[in-house]
Amino acid sequence: MSEKEPIIQINNVHKRFHTLRGTVHALRGVSLDIMPGEVVVVVGPSGSGKSTLLRSINRLETIDGGSITVDGIPLKGARNINKIRAEVGMVFQQFNLFPDRSALGNIMLAQRVVRRRRKGEAEAKAQELLAKVGIPEKADTYPGQLSGGQQQRVAIARALAMDPKIMLFDEPTSALDPEMIKEVLDVMLALAKDGMTMVVVTHEMGFARAAADRAVFMDEGQIVEIDKPDVIFSSPSHERTQRFLDKIL
């Protein structure tokens, strides 16, 4: 793939959820290209479609219309979705660690099962990544003995262990106590500086200003505005964006 071609291409995507109360049109014709090495932050009110868009990028949500292409592979016709997901790391609000495995064991597991790495290779990679996220001393510690911030850093290390080309973050600090947020954002900031392609749904505007190349504001399933973070947060073009920012800044 050329560095000049988008690594993620989202074209006129629609997604509907059918509920007892009726149909929710969660994504309404969303289009967005993301270049290799770009950091894009997605912001907007609750229910605006941010997480649905993120989950559609690795087909945790199937779309009803439009197309998504990741690293040159159209998601709709992809037979081996696990192969695509191996290239796309995802970090959720909840840490989703296996409670019966140590931090090291959590990071080794997918390497062994999906990447088919030998035990020694997987363990060395896990130790290296625990150091990268700043908790090498927690290798033998189980999730129940870790703080929320430490658990989220293990979750990031686990995703990185697969050597993904893209990292998706779905409000990774929203379940954390305020004092733990910075330690997770620092790891994400370092990843951005290393050139990782990242799509981040977050309300952390400080991170957006420091790390993002572009900010996307969504509302009611549509992209309202896209620009550099400083432009959107200081002088948004749309009145709806301004109303949202007035409430959170």
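Mean shadow of segment 181-224, computed from the convex hull of its alpha carbons, in nm²?
So the Cα hull casts an average projection of 3.4 nm².
What shape does segment 93-203 have by the C-alpha gyration tensor, where a ≥ b ≥ c are the square roots of the eigenvalues, rounded means a/c under 1.5, and otherwise prolate means a/b greater than b/c and oblate the rest?
It comes out oblate by the Cα gyration axes.
Compute the helix-to-body angle for 148-160: its Cα long axis versus the longest principal axis of the chain, expressed 0 to 90° and rounded to tens.
90
How high is the FRET efficiency between Ile81 and Ser235 when r is their beta carbon distance and R₀ equals 35 Å, given to the nearest 0.05?
The formula returns an efficiency of 0.30 here.
Can you tell me the 0 to 90 degree angle between the C-alpha axis of helix 103-113 and the longest principal axis of the chain, rounded to 10?
Tilt of helix 103-113: around 80 degrees.
Between their Cα atoms, which of Lys50/Lys165; Lys4/Lys193; Lys119/Lys193; Lys50/Lys125; Lys4/Lys165; Lys76/Lys228 are more than 23 Å away from each other?
Lys119/Lys193; Lys50/Lys125; Lys76/Lys228, as the Cα separations exceed 23 Å there.
For the pair Asp140 and Arg21, what calculated FRET efficiency results from E = 1/(1 + (r/R0)^6), where r is the Cβ-Cβ distance and R0 = 35 Å, to the nearest 0.05?
0.15
Which Rg and Dmax, in Å, describe the Cα atoms of segment 25-115?
Every Cα atom of segment 25-115 included, Rg and Dmax give 15.3, 43 Å.
Of the options Met167, Ala124, Gly49, report the single residue whose Cα projects farthest towards the positive end of the charge dipole of the chain (beta-carbon charges: Lys, Arg +1; Asp, Glu -1).
Of the options given, the answer is Ala124.
Pairs of alpha-carbon atoms within less than 8 angstrom and 6+ residues apart define the contacts here; what relative contact order does the chain have, in percent?
25
If a paramagnetic tag sat 7 Å from the Cα of Leu109 along the Cα-Cβ line, which residues of segment 122-143 would have the backbone N under 14 Å from that point?
Residues 142-143 fall inside that zone.
Using the Cα centre of the chain as origin and beta-carbon charges of +1 (Lys, Arg) and -1 (Asp, Glu), tell me which of Ile232, Pro36, Leu245 is placed farthest towards the positive end of the dipole.
Highest projection toward the positive end goes to Pro36.
So which trypsin sites (Lys or Arg not before Pro) in segment 1-57 end up in coil per DSSP with only 16 or fewer other C-beta atoms within 10 Å?
Those satisfying the criteria are Lys4, Arg21.
With angles folded into 0 to 90 degrees, how steeply does helix 119-132 sit against the dominant principal axis of the chain? Use alpha carbons for both and round to 10.
So the inclination is approximately 60 degrees.
Mind running the shape call on segment 1-54? Use the C-alpha gyration tensor, a ≥ b ≥ c as the square roots of the eigenvalues: rounded below 1.5 for a/c, prolate if a/b tops b/c, oblate otherwise.
Prolate.
Amide H of Val42: which non-local residues (sequence gap of 5 or more, or other chain) have their own amide H closer than 5 Å, using H built in the peptide plane?
The list, which skips near neighbours in sequence, is Val200, Val201, Thr202, Val216.
Would you please classify the overall shape of segment 135-249 from the alpha carbon gyration tensor, given that a ≥ b ≥ c denote the square roots of the eigenvalues, rounded means a/c under 1.5, and beyond that prolate means a/b larger than b/c while oblate covers the rest?
prolate
Relative contact order for segment 101-177: what percent, with Cα pairs under 8 Å and sequence separation of 6 or more?
Relative contact order of segment 101-177: 39 percent.
How much of the pair distance distribution for the chain lies past 35 Å, counting alpha-carbon pairs only, in percent?
Looking at the chain, the distances longer than 35 Å represent 14 percent of pairs.
Could you check how much of the accessible area of the chain is carbon and sulfur, as a whole percent, using a 1.4 Å probe?
Here it works out to 46 percent.
What are the ³J(HN,Hα) couplings of segment 210-225, residue after residue, when phi is run through the Karplus curve with 6.51, -1.76, 1.60 and θ = phi - 60°? Round to Hz, x for glycine and proline.
7, 10, 7, 7, 9, 10, 10, 9, 10, 7, 6, x, 10, 7, 8, 7
Which value, in debye to the nearest 20, gives the size of the charge dipole of the chain about its Cα centre, when Lys and Arg are +1 and Asp and Glu are -1 at the Cβ?
The calculation lands at about 980 debye.
With every protein chain left in place, what is the accessible area per residue of the chain in square angstrom, probe 1.4 Å?
Each residue of the chain exposes 49 Å² on average to a 1.4 Å probe.
The values are calculated or read from the model by the stated rules, or taken from the named source; none is laboratory data. Remember, it's a predicted structure, so these values are computed and weren't measured experimentally. Counting neighbours? That spans all protein chains shown, and the Cβs are built from the backbone with ideal geometry, glycine included. Ligands, DNA and RNA are stripped out before the accessible areas are found, and what is left, the full protein with its side chains, is counted by its heavy atoms. Shrake-Rupley method; radii C 1.70, N 1.55, O 1.52, S 1.80 Å.
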